[in-house]
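A quick write-up on the structure given underneath.
Please treat every number below as a calculation from the coordinates, not as lab data. Source: prediction; values computed, not measured. Glycine also receives a Cβ, built like all others from the backbone with ideal geometry; neighbour counts cover every protein chain displayed.
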Amino acid sequence: MARSDWRKLDESDVRVRPGKGTRPRSKRRPAHADAAPAMVTAVDRGRWTCAVEADPGRAVTAMRARELGRTPVVVGDRVGLVGDVSGKPDTLARIVRVEERTSLLRRTADDTDPYERVVVANAEQLLIVTSLADPPPRTGFIDRCLAACYTGGLEPVLCLTKADLADPGELLASYADLDVPAVVTRYDEEPEGLREQLQGRVSALVGHSGVGKSTLVNRIVPDARLATGEVSAVGKGRHTSVSAIALPLPDGGWVIDTPGVRSFGLAHVTADDIVMSFPEFAEAAEECPSGCGHLGPPDDPDCALDEVVEDGQARPGRLASLRRLLASRAGLEQP
């Protein structure tokens, strides 16, 4: 065009390509109706190992789809996968959906930490692994794990190890009123009772370092080859599991081994959360004054839970056990 012809142009002759920031974008997202169902079995640096249709023989490595943002995906989650789900080397699928969870094991670093950590999702039961000696049992830790179970929808099970070194009777008696099932194991015997408890279910194991979690898993899942360590002379032990991992059981079911922990914070759990897990006290708790910790006199002199026992609607041992859990949550006992 000749230079003089520029004078004849108007706005209708100007063509402007819109920038990326001004292009209209659809808010519709694909439904991914054909996504393959899978279970997350391990997490490692932004990559998730998933068992397609919960089949341990169909392991797939996946990444989290962009549309999920920072949605947490943890071991035990039921997810939807798209892309290459063949599991062949150098292939990568995408996690596009996280199904609603049926249970959730959470903890915080301590009772003042505002950030809760999701440990395991969708486990049916939590085995609280405690050694009877070397290191000695810590009832405060057990109580905190029980509180996490009751508020997270998991069935608690006491798993007492090293019964060849100490008698489990006293510890079992202290939890009798909570009606918590228990499994006792010895180093010199095969853990048949534990195998029966785990068979056909998704189970998580939690416990202090050195109590024998990884050793138990190695015995019930021979191919696990998990690292085990010797307990130190001061009884603290070494961290022998570094991240949660789900392992298939020979006779069906999954066992999720979690890292050894030194504390189990309950900053995300309230006193009412725990009381609601005890049906016989739940209704009476609604009559308590606002802010009642349900600990009874002298801390909570107007707590209504005592009336439930006085009326014969609950055993005194149940209330004592409940208040022991509440005291542990409140930090009145050493975990």
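Say R0 is 25 Å: what FRET efficiency, to the nearest 0.05, do Asp134 and Asp223 get from their beta-carbon distance? So, using R0 = 25 Å, E works out to roughly 0.35. The calculated FRET efficiency for Glu155 paired with Arg117, based on their beta-carbon distance and R0 = 22 Å, is about 0.55.
Here the 3J(HN,Hα) profile of the range 167-183, calculated from phi with Karplus coefficients 6.51, -1.76 and 1.60 at θ = phi - 60°, is 7, x, x, 5, 5, 4, 5, 5, 10, 4, 6, 8, 6, 8, x, 9, 10 Hz, Gly and Pro shown as x. Extension gain for Glu310-Arg66 works out to 82.1 nm (0.36 nm per residue, less the C-alpha to C-alpha distance). Extending 7 Å from the Cα toward the beta-carbon at both Ala31 and Glu99 defines two label points whose distance is 1.8 nm. Summing charges over all other residues whose Cβ lies under 11 Å from the Cβ of Asp300, with Lys and Arg as +1 and Asp and Glu as -1, gives -2. Both radii come from the Cα set of the range 288-335: Rg as radius of gyration, Rh as Kirkwood radius; their ratio Rg/Rh reads 0.98. Prolate is the label for the range 60-192. Its Cα gyration tensor axes, ordered a ≥ b ≥ c, give a/c of at least 1.5 and a/b above b/c. Taking other residues whose beta carbon is less than 15 angstrom from the beta carbon of Tyr150, and scoring Lys, Arg as +1 and Asp, Glu as -1, yields -1.
Report the relative contact order of the range 32-153, percent, no decimals, based on alpha-carbon pairs under 8 angstrom and at least 6 residues apart. So the answer I get is 20 percent. Near Glu189: Cβ cut-off under 15 Å, other residues only, Lys/Arg at +1 and Asp/Glu at -1. The net charge is -1.
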